[in-house]
2 protein chains.
Amino acid sequence: MKFLGKQYIIEMKECNVKLLNDPEFIGKIMYESALKANATVVQQFFHQFSPFGVSGTIVIAESHINIHTWPEHKYAAIDIFTCSDSLNAENAINHLQKSLEAKQCNTSMIHRGEVL
Amino acid sequence: MKFLGKQYIIEMKECNVKLLNDPEFIGKIMYESALKANATVVQQFFHQFSPFGVSGTIVIAESHINIHTWPEHKYAAIDIFTCSDSLNAENAINHLQKSLEAKQCNTSMIHRGEVL
């Protein structure tokens with residue numbers, strides 16, 4: 001079977017609370033992670049929610065990377081969606097885990113768009 | 001078990017090819033779908049790839065809705081991520097399926113962020 005895309009579902013747990021609530025920091029490490037994955041950044045957007053939490057998306061030529069953080073639960077939900085075999089998701093995931101100081105990181109992958 | 005978010009993974013197949021390659025149309029129906037889901041739109045971004053395909057994200061207060069289209073395969077990958085129980089994902093999915101004239105729509109749901 002052939003598929004058009006791969007989607008990595010990443011659960012970052014036991015992160016540094018302060019970092020999860022800093023939209024500038026989140027934007028910076030998301031951008032860095034896109035570069036480390038060999039992705040081509042098209043557009044990015046980060047938003048801080050009140051009283052806490054950050055949401056952000058980086059649209060890449062290969063699809064997207066996005067994040068939602070829950071500082072009050074030391075948790076971040078991250079997705080990496082790619083339609084390119086040359087995107088190195090592992091590099092991005094490792095960079096994000098290290099940067100967020102996440103003690104636990106669970107990643108699963110699902111295929112998208114079966115080519116019939 | 002309690003979770004922080006729900007993520008709907010939507011596979012739209014056998015869509016109208018012309019519509020899938022029209023970023024204005026895609027932006028319009030994504031925005032409408034957010035409203036139909038009772039979501040609060042924060043920001044939106046749509047991008048047309050060369051020679052074809054559209055990627056777009058709507059950041060909503062409840063998390064995000066995004067889309068990637070492959071006109072050449074009559075296919076769109078859509079995700080709806082919500083941290084709110086009041087978001088009506090079904091309404092959004094029905095609107096998108098109808099608008100894209102998708103003959104087939106497969107939806108699965110995954111929980112995100114288990115609260116320990």
Q) Among the residues of the range B:24-44, is any more than 27 Å from residue A:49 (Cα to Cα) and among the polar types (S, T, N, Q)? A) no
Q. Taking the range A:29-44, which residues are of a type in the set (A, V, I, L, M) and either closer than 13 Å to residue B:60 by Cα or within 11 Å of chain B (Cβ to nearest Cβ) (or both)?
A. A:42
Q. Quick check, is residue B:13 within 18 Å of residue B:105 (Cβ to Cβ) and either within 10 Å of chain A (Cβ to nearest Cβ) or modelled with pLDDT under 95 (or both)?
A. yes
Q) Counting only residues that are in a loop (DSSP other than H, G, I, E, B) and either at pLDDT below 95 or among the small types (Gly, Ala, Ser) (or both), how many does the range A:23-51 have? A) 6
Q: Tell me, please, whether a residue that is over 12 Å from the mean Cα position of the chain (by Cα) and under 17 Å from residue B:98 (Cα atoms) can be found in the range B:57-72.
A: yes
Q: Mind listing whichever residues of the range B:64-93 are farther than 18 Å from residue B:46 by Cα, away from chain A (no Cβ under 14 Å) and either among the hydroxyl-bearing types (Ser, Thr, Tyr) or buried (at least 18 other Cβ atoms within 10 Å of the Cβ) (or both)?
A: B:86, B:89, B:93
Q | For residue A:47: the one exception among (1) buried (at least 24 other Cβ atoms within 10 Å of the Cβ); (2) at the interface with chain B (Cβ under 9 Å from one of its Cβ atoms); (3) not hydrophobic (A, V, I, L, M, F, W, C) | A | (1)
Q. Applying the selection to the range A:67-83, what residues are touching a residue at least 12 places away in the same chain (Cβ under 8 Å) and farther than 18 Å from residue A:31 by Cα?
A. A:70, A:71, A:72, A:74, A:75, A:83
Q) When you go through A:96, A:20 one by one, which is the residue that is more than 14 Å from chain B (Cβ to nearest Cβ) and not acidic (Asp, Glu)? A) A:96
Q | Number of positions in the range A:50-59 that are farther than 20 Å from residue B:80 by Cβ and within 11 Å of chain B (Cβ to nearest Cβ) | A | 1
Q) Only one of (1) in contact (Cβ under 8 Å) with a residue 40 or more places away in the chain; (2) over 22 Å from residue A:78 (Cβ atoms); (3) surrounded by fewer than 18 Cβ atoms within 10 Å (Cβ to Cβ); (4) among the aliphatic types (A, V, I, L, M) fails for residue B:37. Which number is that? A) (3)
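The values are calculated or read from the model by the stated rules, or taken from the named source; none is laboratory data. The shown structure was predicted, so the numbers you read here are calculated from the model rather than taken from an experiment. Don't worry about glycine lacking a Cβ; one is built from the backbone with ideal geometry, like all the others, and counts go over all protein chains shown.
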